[in-house]
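Written out below as structure tokens is the structure these notes cover.
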Amino acid sequence: MWLKIPAYISNGQGILECKIRGYAFVIAFWGSGNTLIVYWNNILYSFSIPAPNTEGNYFDNEYHHFVFTVDSSSTVRVYIDTILKGTLVTSNA
């Protein structure tokens, strides 16, 4: 999905919330906006991203391409602007 985020607002600023294979799937910004969290299949995973007001951040009022994939082995991959940012391996397919 394409997102244009004008500013970091607060801890827990959500990008996506839905159900995949019956499990809650949540993507949100965390901390000071320099962490992206992925929650799925009762596992929480977080990874670092450029902080707001720093070069390369995603709160620049420009469009960025966010892609989240789940494969048949229940591995979640997170891409931002075609760059793999994190992988979450879960135990249930």
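The values are calculated or read from the model by the stated rules, or taken from the named source; none is laboratory data. Quick caveat: nothing in here was measured; it's all calculated off a predicted structure. Cβ sites come from the backbone with ideal geometry, for glycine too, and all protein chains shown count toward neighbours. Ligands, DNA and RNA are excluded from the accessible area calculation, which covers all protein heavy atoms including side chains. Shrake-Rupley method; radii C 1.70, N 1.55, O 1.52, S 1.80 Å.
Pairs, please: C-beta under 6 Å, at least 6 apart or cross-chain, first residue more than 28 Å from residue 55 (Cβ to Cβ) and in the range 22-37, second open to solvent by less than 40 Å² (accessible area, probe 1.4 Å)?
Within 6 Å, the pairs are 23/40; 23/41; 25/40.
Would you mind stating whether residue 19 is of a type outside the set (A, V, I, L, M, F, W, C) and either in contact (Cβ under 8 Å) with a residue 12 or more places away in the chain or on the phi > 0 side of the Ramachandran plot (or both)?
no
Looking at 60, 71 in this structure, which one is among the acidic types (Asp, Glu) and closer than 23 Å to residue 4 by Cα?
60
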